[in-house]
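The values are calculated or read from the model by the stated rules, or taken from the named source; none is laboratory data. Being a predicted model, the structure only gives us computed values, none of them experimental. Reconstructed Cβ throughout: ideal geometry from the backbone, glycine too, with neighbour counts over all protein chains shown.
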Amino acid sequence: HAADAYRTDLMTITRFVLNEQSKHPESRGDFTILLSHIVLGCKFVCSAVNKAGLAKLIGLAGETNVQGEEQKKLDVLSNDVFVKALISSGRTCILVSEEDEEATFVVASKRGRYCVVFDPLDGSSNIDCGVSIGTIFGIYMMKDGDEPTLNDVLQPGKNMLAAGYCMYGSSCTFVLSTGAGVNGFTLDPSLGEFILTHPDIKIPKKGKIYSVNEGNAKNWDAPTAKYVEKCKFPKDGSSSKSLRYIGSMVADVHRTLLYGGIFLYPADKKSPNGKLRVLYEVFPMSFLMEQAGGQAFTGKQRALDLVPKNIHERSPIFLGSYDDVEEVKALYAAEE
Ligand code: AHM
Ligand code: MG
(Lines give C-alpha, C1' and ligand atoms only; values in the text may rest on other atoms or scores of the structure.)
(Ligands and ions follow the chains in the order given, each with its own letter.)
Protein backbone atom coordinates (compact mmCIF):
# COMPACT_ATOMS: atom_id res chain seq x y z
CA HIS A 1 0.00 0.00 0.00
CA ALA A 2 1.38 3.38 -0.96
CA ALA A 3 -0.26 4.86 2.13
CA ASP A 4 1.86 2.65 4.39
CA ALA A 5 4.98 4.59 3.44
CA TYR A 6 3.77 7.37 5.73
CA ARG A 7 3.21 7.12 9.44
CA THR A 8 0.22 9.24 10.20
CA ASP A 9 0.31 9.22 13.99
CA LEU A 10 3.40 11.26 14.84
CA MET A 11 4.63 11.15 18.39
CA THR A 12 6.49 14.43 18.72
CA ILE A 13 8.71 15.03 21.70
CA THR A 14 6.29 17.64 23.08
CA ARG A 15 3.34 15.28 22.83
CA PHE A 16 5.39 12.52 24.42
CA VAL A 17 6.46 14.63 27.38
CA LEU A 18 2.93 15.98 27.91
CA ASN A 19 1.64 12.39 28.08
CA GLU A 20 4.44 11.34 30.39
CA GLN A 21 3.95 14.28 32.70
CA SER A 22 0.21 13.73 33.00
CA LYS A 23 1.07 11.76 36.14
CA HIS A 24 2.36 15.01 37.65
CA PRO A 25 -0.30 17.55 36.64
CA GLU A 26 1.24 20.20 38.91
CA SER A 27 4.49 20.33 36.92
CA ARG A 28 3.21 19.30 33.52
CA GLY A 29 2.97 22.70 31.87
CA ASP A 30 6.18 24.08 33.33
CA PHE A 31 8.35 21.09 32.48
CA THR A 32 6.98 20.89 28.95
CA ILE A 33 7.68 24.57 28.39
CA LEU A 34 11.22 24.23 29.75
CA LEU A 35 11.90 21.25 27.53
CA SER A 36 10.54 22.97 24.44
CA HIS A 37 13.08 25.75 24.99
CA ILE A 38 15.90 23.21 25.25
CA VAL A 39 14.63 21.57 22.07
CA LEU A 40 14.62 24.93 20.32
CA GLY A 41 18.25 25.47 21.31
CA CYS A 42 19.15 22.05 19.91
CA LYS A 43 17.40 22.76 16.60
CA PHE A 44 19.32 26.00 16.30
CA VAL A 45 22.66 24.30 17.03
CA CYS A 46 21.81 21.50 14.60
CA SER A 47 21.22 23.98 11.83
CA ALA A 48 24.39 25.93 12.69
CA VAL A 49 26.48 22.73 12.81
CA ASN A 50 25.14 21.66 9.42
CA LYS A 51 26.31 24.94 7.94
CA ALA A 52 29.71 24.81 9.64
CA GLY A 53 31.27 23.12 6.61
CA LEU A 54 30.32 26.17 4.60
CA ALA A 55 32.42 28.37 6.88
CA LYS A 56 34.72 29.24 3.99
CA LEU A 57 31.73 30.63 2.14
CA ILE A 58 29.99 32.43 4.96
CA GLY A 59 33.06 33.52 6.94
CA LEU A 60 35.20 31.56 9.37
CA ALA A 61 34.76 31.84 13.11
CA GLY A 62 37.18 34.38 14.51
CA GLU A 63 37.24 36.31 11.23
CA THR A 64 35.27 39.45 10.62
CA ASN A 65 32.38 39.18 8.19
CA VAL A 66 31.31 41.66 5.53
CA GLN A 67 29.44 43.75 8.08
CA GLY A 68 32.69 44.01 10.05
CA GLU A 69 31.25 41.89 12.88
CA GLU A 70 33.31 39.17 14.53
CA GLN A 71 31.93 35.72 13.73
CA LYS A 72 31.33 33.83 16.91
CA LYS A 73 32.83 30.39 17.34
CA LEU A 74 30.19 27.67 17.15
CA ASP A 75 30.49 26.74 20.82
CA VAL A 76 30.18 30.33 22.01
CA LEU A 77 27.23 30.90 19.69
CA SER A 78 25.52 27.74 20.95
CA ASN A 79 25.99 28.82 24.53
CA ASP A 80 24.44 32.22 23.87
CA VAL A 81 21.44 30.58 22.24
CA PHE A 82 20.87 28.15 25.12
CA VAL A 83 21.29 30.75 27.85
CA LYS A 84 18.80 33.08 26.18
CA ALA A 85 16.31 30.31 25.38
CA LEU A 86 16.44 28.99 28.95
CA ILE A 87 16.01 32.40 30.56
CA SER A 88 13.16 33.33 28.24
CA SER A 89 11.34 30.11 29.13
CA GLY A 90 10.55 31.79 32.44
CA ARG A 91 10.97 28.42 34.15
CA THR A 92 14.62 28.49 35.25
CA CYS A 93 16.41 30.02 38.24
CA ILE A 94 20.04 28.86 37.85
CA LEU A 95 22.02 27.89 34.76
CA VAL A 96 25.41 26.20 34.78
CA SER A 97 27.16 26.00 31.44
CA GLU A 98 30.54 24.54 30.55
CA GLU A 99 31.21 27.77 28.67
CA ASP A 100 30.66 30.08 31.65
CA GLU A 101 32.98 30.23 34.63
CA GLU A 102 30.20 31.39 36.95
CA ALA A 103 26.64 30.11 37.32
CA THR A 104 23.94 32.39 35.91
CA PHE A 105 21.23 33.42 38.37
CA VAL A 106 18.08 34.37 36.50
CA VAL A 107 16.58 37.77 37.39
CA ALA A 108 13.55 37.51 39.68
CA SER A 109 11.06 38.67 37.04
CA LYS A 110 11.94 35.76 34.73
CA ARG A 111 12.53 33.16 37.37
CA GLY A 112 11.08 29.66 37.67
CA ARG A 113 12.03 26.69 39.85
CA TYR A 114 14.18 24.57 37.50
CA CYS A 115 17.99 24.53 37.47
CA VAL A 116 19.61 23.51 34.20
CA VAL A 117 23.21 22.31 33.88
CA PHE A 118 24.51 21.89 30.34
CA ASP A 119 27.38 21.64 27.91
CA PRO A 120 26.04 23.51 24.88
CA LEU A 121 28.45 21.98 22.37
CA ASP A 122 30.56 19.11 23.58
CA GLY A 123 33.36 17.52 21.59
CA SER A 124 34.77 20.82 20.39
CA SER A 125 37.91 19.18 18.95
CA ASN A 126 35.63 17.48 16.42
CA ILE A 127 33.82 20.59 15.14
CA ASP A 128 36.17 21.58 12.37
CA CYS A 129 36.39 18.15 10.77
CA GLY A 130 32.67 17.42 10.65
CA VAL A 131 32.61 14.58 13.21
CA SER A 132 29.55 14.15 15.47
CA ILE A 133 29.24 16.54 18.40
CA GLY A 134 26.44 17.14 20.87
CA THR A 135 24.67 19.06 23.60
CA ILE A 136 24.31 17.51 27.07
CA PHE A 137 21.93 18.68 29.81
CA GLY A 138 20.54 17.84 33.22
CA ILE A 139 17.62 19.36 35.11
CA TYR A 140 17.18 19.80 38.86
CA MET A 141 14.33 21.28 40.83
CA MET A 142 15.30 24.09 43.18
CA LYS A 143 15.43 22.90 46.79
CA ASP A 144 13.12 24.55 49.28
CA GLY A 145 13.80 28.19 50.02
CA ASP A 146 12.87 31.31 48.13
CA GLU A 147 16.26 32.53 46.95
CA PRO A 148 18.19 30.25 44.61
CA THR A 149 21.75 29.47 45.78
CA LEU A 150 24.59 27.38 44.37
CA ASN A 151 23.47 24.53 46.63
CA ASP A 152 20.49 24.09 44.34
CA VAL A 153 22.83 22.83 41.61
CA LEU A 154 25.39 21.14 43.84
CA GLN A 155 23.04 18.20 44.32
CA PRO A 156 23.92 14.55 43.66
CA GLY A 157 23.07 13.31 40.18
CA LYS A 158 20.39 10.97 41.51
CA ASN A 159 18.32 14.09 42.34
CA MET A 160 18.09 15.08 38.68
CA LEU A 161 14.51 15.16 37.40
CA ALA A 162 15.57 14.71 33.81
CA ALA A 163 18.66 14.45 31.66
CA GLY A 164 19.47 14.06 28.02
CA TYR A 165 21.59 14.90 25.04
CA CYS A 166 21.22 15.88 21.45
CA MET A 167 23.68 14.45 18.94
CA TYR A 168 24.46 16.33 15.75
CA GLY A 169 25.48 13.40 13.61
CA SER A 170 24.34 11.80 10.40
CA SER A 171 20.94 12.68 11.77
CA CYS A 172 20.00 14.87 14.70
CA THR A 173 19.02 12.65 17.63
CA PHE A 174 17.57 13.74 20.97
CA VAL A 175 17.75 11.24 23.82
CA LEU A 176 15.79 11.98 26.98
CA SER A 177 14.96 10.50 30.34
CA THR A 178 12.57 12.02 32.83
CA GLY A 179 13.23 9.19 35.26
CA ALA A 180 10.95 6.62 33.64
CA GLY A 181 13.20 4.98 31.07
CA VAL A 182 15.01 6.43 28.08
CA ASN A 183 13.50 7.49 24.77
CA GLY A 184 15.12 8.65 21.53
CA PHE A 185 13.72 11.13 19.02
CA THR A 186 15.00 12.00 15.56
CA LEU A 187 14.65 15.41 13.98
CA ASP A 188 12.55 15.32 10.83
CA PRO A 189 14.08 18.32 9.06
CA SER A 190 11.08 18.78 6.79
CA LEU A 191 8.78 19.11 9.81
CA GLY A 192 11.26 20.72 12.18
CA GLU A 193 10.01 18.28 14.84
CA PHE A 194 11.67 15.57 16.89
CA ILE A 195 9.71 12.33 16.35
CA LEU A 196 9.88 9.30 18.65
CA THR A 197 12.04 6.77 16.81
CA HIS A 198 13.71 4.86 19.67
CA PRO A 199 11.08 4.10 22.32
CA ASP A 200 12.20 2.68 25.67
CA ILE A 201 15.91 2.22 24.95
CA LYS A 202 17.53 -0.59 26.96
CA ILE A 203 21.29 -1.10 26.85
CA PRO A 204 22.41 -4.69 26.19
CA LYS A 205 23.40 -6.38 29.47
CA LYS A 206 26.88 -7.05 28.12
CA GLY A 207 28.65 -5.51 25.15
CA LYS A 208 31.43 -6.22 22.69
CA ILE A 209 32.94 -2.73 22.48
CA TYR A 210 35.17 -0.68 24.76
CA SER A 211 35.73 3.02 24.25
CA VAL A 212 38.64 4.93 25.77
CA ASN A 213 41.49 7.24 24.82
CA GLU A 214 44.28 4.66 24.92
CA GLY A 215 46.87 7.33 24.29
CA ASN A 216 46.72 8.00 28.02
CA ALA A 217 47.47 4.37 28.96
CA LYS A 218 50.94 5.02 30.39
CA ASN A 219 49.38 7.14 33.13
CA TRP A 220 46.44 4.87 34.06
CA ASP A 221 45.93 3.35 37.48
CA ALA A 222 46.20 -0.44 37.88
CA PRO A 223 42.46 -1.37 37.73
CA THR A 224 41.91 0.62 34.51
CA ALA A 225 45.03 -0.90 32.93
CA LYS A 226 43.93 -4.39 33.97
CA TYR A 227 40.43 -3.88 32.62
CA VAL A 228 41.58 -2.70 29.19
CA GLU A 229 44.10 -5.57 29.07
CA LYS A 230 41.17 -7.95 29.71
CA CYS A 231 39.20 -6.37 26.86
CA LYS A 232 42.05 -7.13 24.48
CA PHE A 233 43.36 -10.40 25.90
CA PRO A 234 40.46 -12.10 27.72
CA LYS A 235 41.60 -15.06 29.79
CA ASP A 236 38.18 -16.69 30.20
CA GLY A 237 37.90 -17.92 26.62
CA SER A 238 35.55 -15.08 25.59
CA SER A 239 36.36 -13.12 22.44
CA SER A 240 38.21 -9.83 22.67
CA LYS A 241 36.28 -6.58 22.49
CA SER A 242 36.40 -4.08 19.63
CA LEU A 243 37.72 -0.58 20.25
CA ARG A 244 35.70 2.43 19.14
CA TYR A 245 36.63 5.95 20.21
CA ILE A 246 35.34 9.10 18.59
CA GLY A 247 36.45 11.62 21.21
CA SER A 248 32.96 13.14 21.38
CA MET A 249 31.30 12.00 24.58
CA VAL A 250 27.80 12.26 23.12
CA ALA A 251 28.66 10.09 20.13
CA ASP A 252 30.64 7.56 22.19
CA VAL A 253 27.87 7.30 24.80
CA HIS A 254 25.13 7.13 22.17
CA ARG A 255 26.81 4.16 20.50
CA THR A 256 27.34 2.53 23.90
CA LEU A 257 23.66 2.98 24.75
CA LEU A 258 22.45 1.43 21.50
CA TYR A 259 25.06 -1.29 20.91
CA GLY A 260 26.20 -1.98 24.47
CA GLY A 261 29.72 -2.05 25.86
CA ILE A 262 31.62 0.39 28.02
CA PHE A 263 32.83 3.97 27.79
CA LEU A 264 35.54 5.10 30.14
CA TYR A 265 37.35 8.31 30.89
CA PRO A 266 39.46 7.17 33.83
CA ALA A 267 41.73 9.00 36.21
CA ASP A 268 45.37 9.14 35.26
CA LYS A 269 48.57 10.38 36.87
CA LYS A 270 48.32 13.71 35.10
CA SER A 271 44.58 14.19 35.76
CA PRO A 272 43.64 12.45 39.01
CA ASN A 273 39.97 13.35 38.44
CA GLY A 274 39.88 12.45 34.78
CA LYS A 275 38.67 15.03 32.30
CA LEU A 276 34.91 14.97 32.21
CA ARG A 277 32.79 17.37 34.24
CA VAL A 278 30.50 16.01 36.92
CA LEU A 279 27.48 18.26 36.58
CA TYR A 280 26.91 18.48 32.85
CA GLU A 281 28.79 15.48 31.41
CA VAL A 282 29.10 12.68 33.97
CA PHE A 283 25.71 13.07 35.71
CA PRO A 284 23.40 13.33 32.69
CA MET A 285 25.09 10.39 30.94
CA SER A 286 25.10 8.31 34.15
CA PHE A 287 21.41 9.09 34.67
CA LEU A 288 20.59 7.89 31.14
CA MET A 289 22.71 4.73 31.53
CA GLU A 290 20.97 3.72 34.75
CA GLN A 291 17.58 4.48 33.26
CA ALA A 292 18.46 2.22 30.32
CA GLY A 293 19.48 -0.63 32.63
CA GLY A 294 23.23 -0.01 32.64
CA GLN A 295 25.57 1.32 35.34
CA ALA A 296 27.87 4.28 35.93
CA PHE A 297 30.81 4.07 38.34
CA THR A 298 33.55 6.55 39.27
CA GLY A 299 36.18 4.07 40.40
CA LYS A 300 35.01 4.62 43.98
CA GLN A 301 31.23 4.80 43.99
CA ARG A 302 28.01 4.94 42.00
CA ALA A 303 28.43 8.08 39.90
CA LEU A 304 24.97 9.46 40.71
CA ASP A 305 25.78 9.43 44.45
CA LEU A 306 28.59 11.98 44.01
CA VAL A 307 27.92 15.32 45.66
CA PRO A 308 29.81 17.99 43.70
CA LYS A 309 31.48 20.75 45.72
CA ASN A 310 31.91 23.11 42.81
CA ILE A 311 30.14 23.53 39.51
CA HIS A 312 32.98 22.61 37.17
CA GLU A 313 34.29 19.65 39.17
CA ARG A 314 35.59 16.59 37.25
CA SER A 315 35.36 12.88 37.93
CA PRO A 316 36.64 9.66 36.41
CA ILE A 317 33.79 7.71 34.83
CA PHE A 318 33.09 4.15 33.66
CA LEU A 319 29.66 3.70 32.17
CA GLY A 320 27.74 1.31 30.00
CA SER A 321 26.40 -2.24 29.99
CA TYR A 322 25.61 -3.64 33.42
CA ASP A 323 27.97 -6.63 33.26
CA ASP A 324 30.87 -4.70 31.77
CA VAL A 325 30.78 -2.02 34.48
CA GLU A 326 30.41 -4.80 37.06
CA GLU A 327 33.84 -6.13 35.95
CA VAL A 328 35.43 -2.73 36.47
CA LYS A 329 33.87 -2.51 39.93
CA ALA A 330 35.33 -5.90 40.83
CA LEU A 331 38.83 -4.80 39.76
CA TYR A 332 38.61 -1.65 41.91
CA ALA A 333 37.23 -3.66 44.85
CA ALA A 334 40.16 -6.12 44.57
CA GLU A 335 42.54 -3.18 44.77
CA GLU A 336 41.35 -2.06 48.23
P1 AHM B 1 35.29 19.39 25.49
O2 AHM B 1 34.22 19.76 26.49
O3 AHM B 1 36.47 20.32 25.51
O4 AHM B 1 34.72 19.17 24.13
O5 AHM B 1 35.92 18.00 26.02
C6 AHM B 1 35.06 16.95 26.29
C7 AHM B 1 35.34 15.83 25.33
C8 AHM B 1 34.33 14.72 25.41
O9 AHM B 1 33.32 14.90 24.46
C10 AHM B 1 35.16 13.51 25.09
O11 AHM B 1 34.64 12.35 25.70
C12 AHM B 1 36.50 13.86 25.64
O13 AHM B 1 36.57 15.26 25.67
C14 AHM B 1 37.63 13.36 24.81
O15 AHM B 1 38.83 13.72 25.42
P16 AHM B 1 40.25 13.24 24.85
O17 AHM B 1 40.49 14.04 23.63
O18 AHM B 1 41.21 13.56 25.97
O19 AHM B 1 40.16 11.78 24.58
MG1 MG C 1 32.45 19.32 27.21
### Message
If Gly130 meets every condition in (1) of a type in the set (Gly, Ala, Ser); (2) surrounded by fewer than 19 Cβ atoms within 10 Å (Cβ to Cβ); (3) within 17 Å of the chain's Cα centre (by Cα) apart from one, which number is that one?
### Response
(3)
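Each row is one residue, and each column tells you yes or no for (1) within 16 Å of ligand 2 (Cβ to nearest atom); (2) over 22 Å from Lys43 (Cα atoms).
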position	(1), (2)
Gly138	yes, no
Val153	no, yes
Leu161	no, yes
Leu191	no, no
### Message
Among the residues in the stretch 308-331, are any in contact (Cβ under 8 Å) with a residue 24 or more places away in the chain, within 15 Å of ligand 2 (Cβ to nearest atom) and on the phi > 0 side of the Ramachandran plot?
### Response
no
### Selected residue (only one of Asp221, Asp236, Asp252 is under 22 Å from Asn126 (Cα atoms) and among the acidic types (Asp, Glu))
Asp252
### Task
Would you check which residues across the stretch 79-134 are small (Gly, Ala, Ser), within 13 Å of ligand 2 (Cβ to nearest atom) and modelled with pLDDT of 95 or more and list them?
Ser97, Gly134
### Task
Report whether or not Lys206 is without any contact (Cβ under 8 Å) to a residue 60 or more places away in the chain and out of contact with any Phe, Trp or Tyr (no Cβ under 7 Å at 6 or more places or on another chain).
no
#### Entry: Some residue of the stretch 273-281 being more than 18 Å from the chain's Cα centre (by Cα), within 28 Å of Tyr168 (Cβ to Cβ) and more than 16 Å from ligand 2 (Cβ to nearest atom)
no
### Task
Scan the stretch 98-121 residue by residue and report those that are within 12 Å of ligand 1 (Cβ to nearest atom) and surrounded by fewer than 24 Cβ atoms within 10 Å (Cβ to Cβ).
Glu98, Glu99
#### Entry: Close pairs from the stretch 235-247: first farther than 29 Å from Val131 by Cα, partner of a type in the set (Lys, Arg) and not in a loop (DSSP other than H, G, I, E, B), Cβ under 9 Å, at least 6 apart
Asp236/Lys230
### Task
Determine whether the stretch 233-255 contains at least one residue that is under 17 Å from the mean Cα position of the chain (by Cα), more than 27 Å from Leu10 (Cα to Cα) and of a type in the set (Phe, Trp, Tyr).
yes
### Message
Residue under question is Leu35, and the condition is that it be part of a helix (DSSP H, G or I) and modelled with pLDDT under 75; does it hold?
### Response
no
### Task
Sort through Ile127, Ile94 and tell me the only one that's touching a residue at least 40 places away in the same chain (Cβ under 8 Å), away from ligand 1 (no atom under 14 Å from the Cβ) and of a type outside the set (D, E, K, R).
Ile94
### Message
With the condition being modelled with pLDDT of 95 or more and within 12 Å of ligand 1 (Cβ to nearest atom), I'd like the helices (runs of 4 or more DSSP H) fully within the stretch 210-295 carrying at least 1 qualifying residues.
### Response
249-259, 283-291
